[in-house]
Each structure stands twice: as C-alpha cells, then as structure tokens.
1. Looking at 219, 263, 237, which is the one that is within 14 Å of the ligand (Cβ to nearest atom), touching a residue at least 60 places away in the same chain (Cβ under 8 Å), touching a strand residue (DSSP E or B) at 6+ places or on another chain (Cβ under 6 Å) and hydrophobic (A, V, I, L, M, F, W, C)?
2. Mind telling me which of the residues 367, 343 ends up being part of a strand (DSSP E or B), more than 16 Å from the ligand (Cβ to nearest atom) and among the β-branched types (Val, Ile, Thr)?
3. If only one of 151, 164 is more than 13 Å from the ligand (Cβ to nearest atom), surrounded by 24 or more Cβ atoms within 10 Å (Cβ to Cβ), in contact (Cβ under 8 Å) with a residue 12 or more places away in the chain and under 30 Å from residue 309 (Cα atoms), which one is it?
4. Looking at the structure I just gave you, is residue 200 surrounded by fewer than 21 Cβ atoms within 10 Å (Cβ to Cβ), in the same structural domain as residue 392 (by TED's automatic domain parsing) and among the aliphatic types (A, V, I, L, M)?
5. Condition (residue is in contact (Cβ under 8 Å) with a residue 24 or more places away in the chain and within 30 Å of residue 258 (Cα to Cα)) applied to the stretch 188-205: is it met by at least one residue?
6. In this structure, is residue 384 in contact (Cβ under 8 Å) with a residue 40 or more places away in the chain, of a type in the set (Asp, Glu) and not in a strand (DSSP E or B)?
7. Filter the stretch 172-189 down to the residues that are outside any helix (DSSP H, G or I), more than 19 Å from the chain's Cα centre (by Cα) and under 19 Å from residue 325 (Cβ atoms) and list them by number.
8. Looking only at the stretch 269-310, how many residues end up being touching a residue at least 40 places away in the same chain (Cβ under 8 Å), assigned to a helix (DSSP H, G or I) and in contact with a helix residue (DSSP H, G or I) (Cβ under 8 Å, 6 or more places away or on another chain)?
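The values are calculated or read from the model by the stated rules, or taken from the named source; none is laboratory data. Small disclaimer: the values here were computed from a predicted structure and weren't measured. Please note: Cβ atoms are built from the backbone with ideal geometry, for glycine as well, and neighbour counts cover all protein chains shown.
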Amino acid sequence: MESLIGGRRPFGAPRGLGPPTKTCPAAQSREAMRRDNWRAKAASACNDASVTEPGDPTAPQTTDRPASAATPRRGRQTGEPSMAREPDYHTGRPTKVAIVGTGMVGSTFAYTLMLSGIASEIVLIDANHKRAEGEAMDLNHAVPFAHPTKICAGDYSDCQGAAITVISAGVGQQPGETRLELVRRNAAIFRGIVPKIAEANPEGIIVVATNPVDVLTYITVKESGLSPQRVFGSGTILDTARFRYMLSEHLGVDPRSVHAFIIGEHGDSEVPVWSLANVAGMRLPSFCAENGIPLSPDTMERIFSQTRDAAYEIISRKGATYYAVAAGLMRIAEAILRDQNTVLSISSLITDYYGIDDVCLSLPTVVSRRGIERVLRLDLSPKEARGVRSSAKVLRATIESLGAASNPG
Ligand SMILES: NC(=O)c1ccc[n+]([C@@H]2O[C@H](COP(=O)([O-])OP(=O)(O)OC[C@H]3O[C@@H](n4cnc5c(N)ncnc54)[C@H](O)[C@@H]3O)[C@@H](O)[C@H]2O)c1
C-alpha cells in the first residue's frame with residue numbers, strides 16, 4: 001500500500017507526482033487519456049443522428065447556425081484525433097529539442113523555449129540527473145501559463161528524433177579566466193558526450209554553446225562525424241547582440257535597426273566589422289554626420305571594448321551570464337524550427353576565406369531547417385581581414401595544442 005503523508009504523496013515517490021523521467025509517463029498517459037476521450041466523443045458523435053454529412057438536405061437543422069458552420073471538423077471526417085499534439089504547422093515536422101547541460105545557460109534556454117511555444121517536446125540531459133529532473137519539474141509547472149510542451153529529464157538515447165540538440169554542458173568561466181583557458185576541461189567533457197548524441201541522433205542538428213565555443217564546435221564536428229552543415233556553435237551571436245545594443249545606445253535607435261556584426265572568435269580576438277555597419281543602409285559615418293552624433297576612434301574603441309569585455313564585467317558582478325545567450329540560442333532554434341533562412345553570426349567550419357581553413361569561427365550565416373545554408377563571405381577592410389585571420393590563428397593554435405586538428409591531406 002502506498003504511503004501518503006497528510007493525504008499527499010511524499011516528494012520523489014514513484015507514482016503520480018514523481019519527477020518527469022525520460023519517458024515522460026505522466027505526459028504519455030495524459031496524451032493517451034486525451035486520445036481515448038476524443039475517441040469516445042467521436043464515437044458518440046458518429047452515433048448521434050444530429051451529426052450529419054455535409055450537404056444532406058434531409059438533415060434536421062439542430063441549430064440556426066449558417067450552413068458553413070455546420071461543416072464537420074477535421075477529426076469527425078477522418079477519425080483522427082483532432083486534439084492530438086500537432087507537429088510544427090510551418091514545416092510539418094516534429095519540434096523536439098534536446099538540451100545537454102541544464103545549468104544556468106541550458107535551463108534558461110529551456111525556459112525561453114517553453115515560453116516561445118515553438119517546441120513540442122524538450123528533453124533535459126545533465127551529468128547531474130537530479131538537477132535535470134528538478135528543472136523539468138519546475139518548467140512543467142510553468143506550462144499552464146504558456147504552451148503545451150512535453151518537458152522531461154532524460155539520457156542520451158532521448159536525443160533521438162530531436163530536430164536540435166543544444167550542448168551547454170561543461171564548466172563555466174571563472175572570474176578573470178579567459179574562455180580559451182577553459183578548453184582542456186570542456187574538451188574532455190565533449191569527447192565523452194558528442195559521440196553519444198550523434199549515435200542517438202545522426203539526423204539532427206547540434207548547436208554548441210559551451211565555451212570556448214569555437215574550439216568545442218570544431219571538436220563536435222570531428223567527434224560527431226555529422227555533416228558540418230548540421231554542427232555549429234552559438235559563436236558571436238551574443239557578441240553581435242551586445243555590439244548592436246551598445247551602438248543603439250550611442251546612436252539613439254532601436255537595436256533591431258542597427259545592422260552590424262562581430263565576427264571571428266567568440267572571445268578576446270573577435271573582430272567588429274565597422275566598415276559594413278549601418279542603420280537603414282546608411283554607413284555609420286554618414287548616419288552620425290547626418291544626425292550630429294560623434295563617432296571618433298575613441299568612441300568606437302569604447303563601444304567595442306564594452307562589447308568584447310561584457311562577459312568579464314557581468315561575471316565579476318553576478319558570477320555567470322545566461323539570459324542573453326539563452327535568447328540567442330532561442331533565435332537560432334527559431335531559425336531552424338521555422339525554416340527561416342535567418343542570417344546569424346554563428347560559428348562553423350570555415351574553409352578558404354581570407355586564407356582561413358579548417359577552423360570554426362563566426363561569420364554571418366544563413367540558417368534554416370537544414371542547418372547552415374551558406375556562410376556569407378563578407379568583403380572586409382584590410383584591418384578587419386587581418387583581425388579575422390589572427391582570430392583564426394589563435395583558434396588554430398588551441399585546436400593543435402589539444403591534438404584535435406585534422407590530418408593534412
Ligand atoms: N556561447 C556563449 O555565448 C556563452 C555564454 C554564457 C555561457 N557560456 C558557456 O556555457 C557553459 C555553461 O554555462 P553555465 O553557466 O550553464 O554553467 P553551469 O555550471 O551552470 O552548468 C553546466 C552544467 O553542465 C553539466 N555538466 C557538466 N559536465 C557534464 C557532462 N559530462 N555531461 C552532462 N552535463 C554535464 C553540469 O552538471 C551543469 O549542470 C559554460 O561553458 C559557459 O562558459 C557560453
């Protein structure tokens with residue numbers, strides 16, 4: 001007999017109120033109940049003489065609705081449960097997303113994704129399974145305020161069928177630590193988890209968020225064996241957002257109206273593309289001259305250093321950054337799930353660009369349901385081209401120091 005305390009099942013008890021596990025039994029039984037209820041209703045509706053085929057002139061009019069309103073709804077015609085969970089109606093494909101690493105970044109992304117309603121299922125995977133379970137429970141309790149979404153804790157086999165697996169597992173950046181200093185610890189973690197994800201889901205897209213994101217994206221491309229079209233990192237999506245925000249503050253316009261990119265490494269060697277930055281197609285020098293806004297080299301240096309060093313500033317105050325990167329991951333997920341062909345500065349395997357080869361770094365990239373459609377090869381100023389080449393050199397040196405580089409030829 002089940003033990004109930006004060007009429008309630010103890011926390012963690014095996015049935016009913018227990019944490020959502022990888023197979024989401026509670027969600028599955030709710031789904032089954034909904035289907036059974038629907039079938040019962042459909043059967044009784046079919047036996048009901050008041051429900052008639054469209055266009056039957058002999059049918060008694062049971063309501064004074066116009067004829068068009070009496071057209072049977074889809075479920076009655078097909079016998080299909082009309083209340084069953086639908087795949088994404090934009091693409092007709094399932095919208096399961098797996099998140100590996102449910103710390104601050106992974107769980108904030110899961111929350112953002114659940115609020116957006118674009119995923120039908122979210123699976124949370126973490127070395128600390130209890131944490132993943134706790135996050136799943138907390139998120140499930142927000143579902144009634146948002147959108148129907150199956151959320152559960154799982155293991156790597158649950159990556160199967162996910163349109164996207166986001167990896168945010170690893171150790172975070174410590175105050176004063178560079179992203180590249182994190183590499184050895186996180187590379188070892190990735191060598192453990194990436195083959196498991198690829199084995200469970202050879203068809204899906206992998207998006208890396210863990211730092212140093214460019215090097216770990218490279219390791220993921222190599223360790224997964226997946227097409228580089230379907231493996232990429234969040235790269236400078238966050239730095240680009242920060243740059244647009246800092247510029248918008250200076251220019252006095254909505255950040256969404258500022259078109260500017262940070263390219264190269266997500267880190268200290270990243271490169272602001274000043275030469276192509278614009279508002280409504282006006283390059284910044286013209287926009288500023290027209291509007292009486294200063295744009296001296298000092299101002300530009302201040303805006304860029306605030307962009308580049310933002311993570312250090314935030315980490316020194318609150319210990320981690322997660323809201324903005326989660327919003328960036330959300331934007332990537334939306335571009336994929338909604339098949340949007342959105343241009344995003346993400347990190348991918350680059351070949352033959354200003355002499356750069358076989359390294360992952362960020363350039364504006366068209367992202368769709370298939371992953372990377374194409375990388376946009378910007379026409380850079382000589383200074384910017386030098387900058388992105390030296391970013392590639394920094395990354396290449398790290399990759400080689402890990403013994404992760406491709407064999408020549
Ligand atoms: N790309 C970006 O723009 C960006 C921005 C912010 C943070 N980050 C990076 O994201 C990563 C995660 O940051 P966070 O703040 O969420 O850290 P966190 O410590 O809060 O979470 C990391 C999670 O990974 C889990 N984990 C560790 N090893 C694992 C393994 N082998 N398998 C599965 N799970 C494992 C931990 O249990 C933990 O829950 C860090 O590397 C951080 O630097 C990237």
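1. On the way: 219 fails: touching a strand residue (DSSP E or B) at 6+ places or on another chain (Cβ under 6 Å); 263 fails: within 14 Å of the ligand (Cβ to nearest atom).
Step by step, each of 219, 263, 237 is checked, and only 237 is within 14 Å of the ligand (Cβ to nearest atom), touching a residue at least 60 places away in the same chain (Cβ under 8 Å), touching a strand residue (DSSP E or B) at 6+ places or on another chain (Cβ under 6 Å) and hydrophobic (A, V, I, L, M, F, W, C).
2. Working: 367 fails: more than 16 Å from the ligand (Cβ to nearest atom).
Going through 367, 343 in turn, the sole match is 343.
3. Values: 151 fails: under 30 Å from residue 309 (Cα atoms).
Selected residue: 164, the only one of 151, 164 that is more than 13 Å from the ligand (Cβ to nearest atom), surrounded by 24 or more Cβ atoms within 10 Å (Cβ to Cβ), in contact (Cβ under 8 Å) with a residue 12 or more places away in the chain and under 30 Å from residue 309 (Cα atoms).
4. Numbers: surrounded by fewer than 21 Cβ atoms within 10 Å (Cβ to Cβ): yes; in the same structural domain as residue 392 (by TED's automatic domain parsing): no; among the aliphatic types (A, V, I, L, M): yes.
In short, no.
5. Yes, that holds for at least one residue.
6. Details: in contact (Cβ under 8 Å) with a residue 40 or more places away in the chain: yes; of a type in the set (Asp, Glu): yes; not in a strand (DSSP E or B): yes.
Against the criterion (in contact (Cβ under 8 Å) with a residue 40 or more places away in the chain, of a type in the set (Asp, Glu) and not in a strand (DSSP E or B)), residue 384 qualifies.
7. Result: 173, 174, 175, 177, 178, 179.
8. 10
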